[in-house]
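K.L.:
Take this structure first; my questions come after.
The values are calculated or read from the model by the stated rules, or taken from the named source; none is laboratory data. All values derive from a computational prediction rather than experimental measurement. Cβ sites come from the backbone with ideal geometry, for glycine too, and all protein chains shown count toward neighbours. We work out accessible area using only protein heavy atoms, side chains counted, and drop any ligands, DNA or RNA first. Shrake-Rupley method; radii C 1.70, N 1.55, O 1.52, S 1.80 Å.
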Amino acid sequence: MLKWLWLTLLAVLLDQGSKLAVDATMLLYESVPVMPYFNLTYVHNPGAAFSFLSEAGGWQRWFFSGLALTISVAITIWLAKLQKHEHLLGASLALVLGGAVGNLIDRVAYGYVIDFIDVYYGSSHFPAFNIADAAINLGVFLMLAESFGWFGSTKKEQG
């Protein structure tokens, strides 16, 4: 079911385009209010989710790059082996793959991931994230939803 790779490509293009736009128009740590509870805030994240291992000294760049590359290959193989009726799983894997590739590009090119989506309530801010992170989270949510049968059965109809 490699037909879902268009969704992967879309996620990568949206992610990389938004990061390039933020980098070209904002200063590092600049924050622009967009609407209540949402700012654009330009930050660099050398670590993983929630800046995990961001102060590790540099080795984490290659560790997370290798991990993302390994996961990307595994997801591509999984996508290739999907059955024609596994539409939701195909879309969810394609989104996770697009997010992994988007952040992998940043790690290899810059040594950090560009984050800029800042969601907050009062003075409490969720860690900044990007389109790739959103694609990964949406993909995982859809995969869980599919596994719990929230969107109907994905099993091939027996006749």
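K.L.:
With every protein chain kept in the model, how would you rank 29, 42, 120 by accessible area, 1.4 Å probe, largest at the top? The partial results should precede the final answer.
P.N.:
Values: 29 160, 42 5, 120 55 Å².
If we order 29, 42, 120 from most to least accessible, we get 29, 120, 42.
K.L.:
Taking θ as phi - 60°, what are the ³J(HN,Hα) couplings along segment 82-87 by the Karplus curve (6.51, -1.76, 1.60), each to the nearest whole Hz, with x for Gly and Pro?
P.N.:
3J(HN,Hα) across segment 82-87, in whole Hz: 5, 7, 4, 7, 8, 5.
K.L.:
For a quick protection proxy, order the peptides 31-37, 10-16 by their average other-Cβ count within 10 Å, most packed first. Before the final figure, lay out the partial values.
P.N.:
Details: 31-37: 11.1, 10-16: 19.4.
Averaged packing, sorted descending, gives the order 10-16, 31-37.
K.L.:
Can you list residues whose amide H is under 5 Å from residue 41's amide H, if they're 5+ apart or on another chain and H is modeled 1.01 Å from N?
P.N.:
Counting only residues 5 or more places away or on other chains, the set is 32, 117, 118.
K.L.:
Based on alpha-carbon centroids, what's the gap between segment 84-119 and segment 15-48 in Å, whole number please?
P.N.:
Cα centres, segment 84-119 to segment 15-48: 17 Å.
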